[in-house]
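Right, one structure below, let's go through it.
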Amino acid sequence: MGKRTQAQRDAMTVEIGYALVTAAFLAAGLFALCAAPVLLLDLAGGTARGVLAVAATAAGLGFVTRVVRVLWRFGNGARAVRPDAPSPPGGSGPR
């Protein structure tokens, strides 16, 4: 693995930031969606704690899954395009 250019390092930094920000929004949405029954149904006690635990677990799993997926796709797409690769529809691909 050779030295990376400044542009490659900058692209990775931006991609990591994108992965973390979108994962945070996804986690917040999942938590709100899963925890909504506590507020809407006025749950209390052990039931409320159980629902909130499930909501926190779903949010954590969603966060980790999103970060891994974004960075995995970036890592696979960052490799050089083969010169013999077909152009995408519309003809705007590499020649």
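Consider all pairwise Cα distances in region 23-77 and report the whole-number % of them above 18 Å. Don't skip to the end; give the middle numbers.
Numbers: 613 of 1485 pairs.
Of the Cα pairs, 41 percent sit more than 18 Å apart.
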Positive minus negative residues near Ile16 (Lys, Arg vs Asp, Glu; Cβ under 15 Å): +3
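Throughout, read-outs are computed from the coordinates displayed, never taken from laboratory work. Everything numeric here is computed off the predicted structure, so don't read it as measured data. Positions of Cβ are generated from backbone atoms using ideal geometry, with glycine treated the same way; all protein chains shown enter the neighbour counts.
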